[in-house]
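Novice: Starting off with a structure, shown below.
The values are calculated or read from the model by the stated rules, or taken from the named source; none is laboratory data. Keep in mind the model is a prediction, meaning the values are calculated, not measured. Neighbour counts are summed over all protein chains in view; Cβ atoms, including those assigned to glycine, are modelled from backbone coordinates with ideal geometry. Accessible surface areas use protein heavy atoms only, side chains included; no ligands, DNA or RNA. Shrake-Rupley method; radii C 1.70, N 1.55, O 1.52, S 1.80 Å.
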Amino acid sequence: MSEAAQERSARNAGGSSGAKVGTFLAKQGILIAFVLFMVSFALASERFLDPDNILGVIRSSAILGVMALGVTFVVISGNLDLSVGSLMSFSTIVVLDLHDTLGPALAILAMFGMTLAIGAVIGFLVGYLRLNSLIVTLGMLSAIHGLTLTWSGGQNMDIADKAGTWFAVFGQGRALGIPMPILMFALLAAVLGIVLAKTPFGRKVYAVGGNGTAATFSGIRRARTVFTCYLISAFCVATAGLIQASRSMGSQNTVGQGMELEVLAAVILGGASLMGGSGTIFKTVIGVLILGFIQNGLLLIGLQFYVQFVVTWIIIILAVWLDIAAKRGRLLSPIA
Amino acid sequence: MTRPALRLENIVKTFPGVRALDGVSFEVLPGEVHALMGENGAGKSTLMKVLGGIHQPNEGRILVGEEPAVMANPLEAKAKGIVFIHQELSLAEELSVAENIYLGELPRKSFGRVDWATLYARTDEILKKLKVGFDARTMVGTLSIANQQMVEIARALTVDAKAVIFDEPTASLTDSEKVVLFEVIDDLKKDGVGIIYISHRMEEIFKITDRISVLRDGEYRGTLVTKETTEDDVTQLMIGRSLDLSRNHEHAEVGDVALEVRGLSCGDLYRDISFEIRRGEVVGFYGLVGAGRTEIAETLFGLRAPSAGQILLDGEEVHLGSPVDAIARGISLVPEDRKGQGLVLGMNCRDNMTLPQVGDLTAGPFVSDGAEIAIFDQYRDKLDIRTPGWRQTVGNLSGGNQQKIVIGKWLSMHPTLLIVDEPTRGIDVGSKSEIHKLIRQLASQGYAVMVISSEMPEVLHVSDRIVAMYHGELIRTFTSDEVTEDSLIQAISGIRTDGGDKAA
Ligand SMILES: Nc1ncnc2c1ncn2[C@@H]1O[C@H](COP(=O)(O)OP(=O)(O)OP(=O)(O)O)[C@@H](O)[C@H]1O
Ligand SMILES: [Mg+2]
């Protein structure tokens, strides 16, 4: 009896509880790492937990965050969107350029229209023609960049009369004492979070990403669902472009360059799977904040700017690893 | 007495909210075929996954020969001579048959290069034993489900096995493939390998097994010697009651023609098919895998455009361009492949069940939780679906319970025409008879039902009329009073005994 019991407990220690720790880590690893980072940053720099600093981090994360909301839809539907950075540059340049000729209201309207049109093209190619989203959006990344340069003639864009317009309100204004970018991020997150979690459309997005064939067999219009996800993504990008333009009132052609990967990282960090079918808006917001705080923390502890890149990406790769590990149910592949 | 090839002792395995195994012991002797039976969700697959190193038990131990063994992962189990042929296929579709069979142990030449010649030669040798119609180089993705199953079985023959676990291997095999499988099992048996055989099909169990162990709700209920027992005894042990397995002799009141198909063709898949199904009628489609029955169903569900012919619903010609059209016309299809076509495995039970109608279950712009749960509860009770709750991920349900979710999903649409393709694949005897009862009941409520099945007892049991198909052609339509097993077998082999009533 005692022998059997001994063996049982030995097995428990070696086998099942080990697996349990593994799955727990796989599920909570990001949060644990986040808490560790926060604590060590707070110890390393007293400014880190300062309310102004925290608000600052959230504000500067807002643009990335708004874009990540849209990409969350695309990723859950089982696709990628690598064109968001490039598209954000486009919206920023366009709205700044049109501002002086059309006035702020019309410029914003025209910019949203054009950005959505580009989103519709991508949605058509990926949704209806069933082209690989990685290829399509990678191609669009370059194509849109070309479009932006053509539009601007390679010049930076500036609003001429910065004092005489209300355009700055989106980037620099406050409402109820809260910076507008944060407010817009929060509002959009709330609305899109509800759309994804509570509406039939949201359910269809999960179904299409989880198993496209089964979704089709259930009478879901797969192409239309994917198309709509890209439209939502374009809408978010346009909003991000608006905040960016309004914050700086002038911009280079390359303002969004490289953001597509950071956006994707935030979405994956939040726990959405690149395979599609899982993720939530709430988790994406967490992912965005984690990324923002890590970058800010590294800055505050005085890490060199370029080293920050390396550390940030190490964290991102860690996140993707955890994502896959959670899928496998263990941290290391059994066939390693 | 011979020593068991392996033994499981007092195995306990829990999942969140589920005690899947509650102190189960089980053994298999060398050269014995030991059946493991039980209702859907009884814990059969889980017990075997513990043995195969996929799950770690919370309590209990495994003995291989005399030695206690820990199976930390599937490779360790395989190294100890335990081969597991899964209920759900687990092949790499993008790889060839040979690569799949030897995955992880490809023969090598110098510098770690794969020795393709040896690989293909060895594989073809095994395939020859299995008498299959494809070779080592075929891409697995291009094979039918049945053939993929044969690839899984081929895997078992590559190692020096002590025990081979077959988890519902025949669920998607044709009769001739089954014969081959049973020969393979016989060979393994002669070599002194212990075979664990999981199936819900009594005929097979009684044909090939030596002993039968029964699980119920995660508990061990007993072991019977096959020769000394009866189907009824096993059923009693499994579900605590007997079943009526007779042929259908009651007919519901037949109403208007719900579906009429005229001269329907689709390339080579099926040709010049004409039949009708009336309200209140169950029409069974019997034939071998590949006879074109599934393809007809897909056409009727808007998934496959016909090349000629007409489809009439309630006397009106319709063009079904997509499942959306078909669903709008009151057609439901329970598809053949539950994992690929029927379910979103990562989604919970409720969301899967309500998926086709989620757009209608709304309160304002939002999905109504209450309406969804009501539907789920109704069909969980009706179909006796075993799950800790609607939040459970469908992928975590047992195979049979997954199938019930798919059936519930399409019944809850209240279709005029219900098409079910292999509806009871992987479903236990008790639930099977429940589902058959349900199909009869639906007919009596005025539904038109089309049942595609490769199981003759099933077709005989539920149908008012039976359509026999062979190689894309409708050979003959039988009424349930005139049909005999022999005439049906002849018809699906392409022999026209009575050409008189080709058109139904
Ligand atoms: N990974 C898992 N997570 C949670 N629950 C699980 C998991 N795997 C199995 N279960 C539960 O354990 C129970 C036993 O499942 P199992 O697959 O062993 O049944 P089974 O006897 O093989 O049934 P079937 O005849 O339908 O294949 C079921 O209630 C099932 O829902
Ligand atoms: Mg099973």
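Novice: Sort out which residues of the range B:1-28 are more than 8 Å from ligand 1 (Cβ to nearest atom) and either in contact with a Cys (Cβ under 8 Å, 6 or more places away or on another chain) or not in a strand (DSSP E or B) (or both), and write them in order of number.
Specialist: Hits for the range B:1-28 are B:Met1, B:Thr2, B:Arg3, B:Pro4, B:Ala5.
Novice: Taking the conditions exactly as written (without any contact (Cβ under 8 Å) to a residue 60 or more places away in the chain and either open to solvent by 70 Å² or more (accessible area, probe 1.4 Å) or under 20 Å from B:Ser172 (Cβ atoms) (or both)), does B:Ile296 satisfy them or not?
Specialist: Judged against the criteria, B:Ile296 is a match.
Novice: So, of the residues in the range B:435-485 that are small (Gly, Ala, Ser) and more than 22 Å from the chain's Cα centre (by Cα), which turns out to be surrounded by the fewest Cβ atoms within 10 Å (Cβ to Cβ)?
Specialist: The residue in question is B:Ser444.
Novice: Could you check how many residues of the range B:335-352 are in a helix (DSSP H, G or I) and either within 10 Å of chain A (Cβ to nearest Cβ) or open to solvent by 40 Å² or more (accessible area, probe 1.4 Å) (or both)?
Specialist: Summing the residues that are in a helix (DSSP H, G or I) and either within 10 Å of chain A (Cβ to nearest Cβ) or open to solvent by 40 Å² or more (accessible area, probe 1.4 Å) (or both) in the range B:335-352 gives 7.
Novice: Quick check on B:Glu168: is it of a type in the set (D, E, K, R) and within 16 Å of ligand 2 (Cβ to nearest atom)?
Specialist: In short, yes.
Novice: Filter the range A:39-74 down to the residues that are of a type in the set (Val, Ile, Thr) and open to solvent by less than 30 Å² (accessible area, probe 1.4 Å) and list them by number.
Specialist: A:Val57, A:Ile63, A:Val66, A:Val71, A:Thr72, A:Val74
Novice: Are there helices (runs of 4 or more DSSP H) fully within the range B:29-108 with at least 3 residues that are more than 16 Å from ligand 1 (Cβ to nearest atom)? List them.
Specialist: Helices (runs of 4 or more DSSP H) meeting the threshold: B:74-79, B:97-101.
Novice: Quick one: B:Lys49 ticks every box in (1) within 11 Å of another protein chain (Cβ to nearest Cβ); (2) within 16 Å of ligand 2 (Cβ to nearest atom); (3) within 26 Å of B:Asp210 (Cα to Cα); (4) open to solvent by 20 Å² or more (accessible area, probe 1.4 Å) bar one, so which box is it?
Specialist: Exception for B:Lys49: condition (1).
Novice: Would you confirm, using the coordinates I've provided, whether B:Asp325 is of a type outside the set (Ser, Thr, Tyr) and part of a strand (DSSP E or B)?
Specialist: Judged against the criteria, B:Asp325 is not a match.
Novice: Exactly one of (1) open to solvent by less than 20 Å² (accessible area, probe 1.4 Å); (2) in a loop (DSSP other than H, G, I, E, B); (3) hydrophobic (A, V, I, L, M, F, W, C) is unmet by B:Ile126. Its number?
Specialist: (2)
Novice: Can you name every residue in the range B:408-434 that is within 19 Å of B:Ser463 (Cα to Cα), open to solvent by less than 10 Å² (accessible area, probe 1.4 Å) and away from ligand 2 (no atom under 16 Å from the Cβ)?
Specialist: Across the range B:408-434, the qualifying residues are B:Pro415, B:Leu417, B:Leu418, B:Ile419, B:Val420, B:Asp421, B:Pro423.
Novice: crowded, with 24+ Cβ neighbours inside 10 Å and within 14 Å of chain B (Cβ to nearest Cβ): does that describe A:Val288?
Specialist: No, not satisfied.
Novice: Can I ask one more? Go through the range B:6-33 and report how many residues are buried (at least 24 other Cβ atoms within 10 Å of the Cβ) and away from ligand 2 (no atom under 16 Å from the Cβ).
Specialist: 3
Novice: Which one is modelled with the lowest pLDDT among residues in the range B:153-201 that are open to solvent by 10 Å² or more (accessible area, probe 1.4 Å), within 16 Å of ligand 1 (Cβ to nearest atom) and on the phi < 0 side of the Ramachandran plot?
Specialist: Among residues in the range B:153-201 that are open to solvent by 10 Å² or more (accessible area, probe 1.4 Å), within 16 Å of ligand 1 (Cβ to nearest atom) and on the phi < 0 side of the Ramachandran plot, the one modelled with the lowest pLDDT is B:Ser172.
Residue-by-condition table, conditions (1) surrounded by fewer than 20 Cβ atoms within 10 Å (Cβ to Cβ); (2) within 30 Å of B:Glu485 (Cβ to Cβ); (3) modelled with pLDDT of 95 or more:
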position: B:Gly290; (1), (2), (3): yes, yes, no
position: B:Ile327; (1), (2), (3): no, no, yes
position: B:Gly364; (1), (2), (3): yes, no, no
position: B:Asp377; (1), (2), (3): yes, no, yes
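Novice: Next question. Being of a type in the set (Gly, Ala, Ser) and touching a residue at least 24 places away in the same chain (Cβ under 8 Å) is the filter here, so list the residues in the range A:208-219 that pass it.
Specialist: A:Gly209, A:Gly210, A:Gly212
Novice: Using the structure shown, decide if B:Met71 is within 11 Å of chain A (Cβ to nearest Cβ) and either at pLDDT 95 or above or buried (at least 24 other Cβ atoms within 10 Å of the Cβ) (or both).
Specialist: Against the criterion (within 11 Å of chain A (Cβ to nearest Cβ) and either at pLDDT 95 or above or buried (at least 24 other Cβ atoms within 10 Å of the Cβ) (or both)), B:Met71 qualifies.
Novice: Here is a follow-up. Which of the residues belonging to the range B:169-193 are touching a strand residue (DSSP E or B) at 6+ places or on another chain (Cβ under 7 Å) and either in a helix (DSSP H, G or I) or more than 22 Å from B:Tyr102 (Cα to Cα) (or both)?
Specialist: B:Ile185, B:Leu188, B:Lys189
Novice: Working only within the range B:65-98, note down all residues that are under 17 Å from B:Gln149 (Cβ atoms) and acidic (Asp, Glu).
Specialist: B:Glu88, B:Glu93
Novice: Further, regarding this structure: How many residues are in contact (Cβ under 8 Å) with a residue 40 or more places away in the chain and part of a helix (DSSP H, G or I) if we restrict to the range A:168-206?
Specialist: 17
Novice: Among A:Gly153, A:Gly171, A:Gly103, A:Gly177, which is the only one that is in contact with a helix residue (DSSP H, G or I) (Cβ under 7 Å, 6 or more places away or on another chain) and open to solvent by less than 70 Å² (accessible area, probe 1.4 Å)?
Specialist: Going through A:Gly153, A:Gly171, A:Gly103, A:Gly177 in turn, just one is in contact with a helix residue (DSSP H, G or I) (Cβ under 7 Å, 6 or more places away or on another chain) and open to solvent by less than 70 Å² (accessible area, probe 1.4 Å): A:Gly171.
Novice: B:Leu320 fails exactly one of the following numbered conditions: (1) touching a Phe, Trp or Tyr at 6+ places or on another chain (Cβ under 8 Å); (2) touching a residue at least 40 places away in the same chain (Cβ under 8 Å). What is the number of that condition?
Specialist: (2)
Novice: Within the range B:375-426, how many residues turn out to be under 26 Å from B:Pro169 (Cα atoms), more than 14 Å from chain A (Cβ to nearest Cβ) and either part of a helix (DSSP H, G or I) or away from ligand 1 (no atom under 14 Å from the Cβ) (or both)?
Specialist: Matching residues across the range B:375-426 total 7.
Novice: For the range A:189-231, which residues satisfy the criterion of being more than 13 Å from every other protein chain (Cβ to nearest Cβ) and either under 19 Å from B:Gly342 (Cα atoms) or surrounded by fewer than 24 Cβ atoms within 10 Å (Cβ to Cβ) (or both)?
Specialist: Hits for the range A:189-231 are A:Ala189, A:Ala190, A:Leu192, A:Phe227, A:Thr228, A:Leu231.
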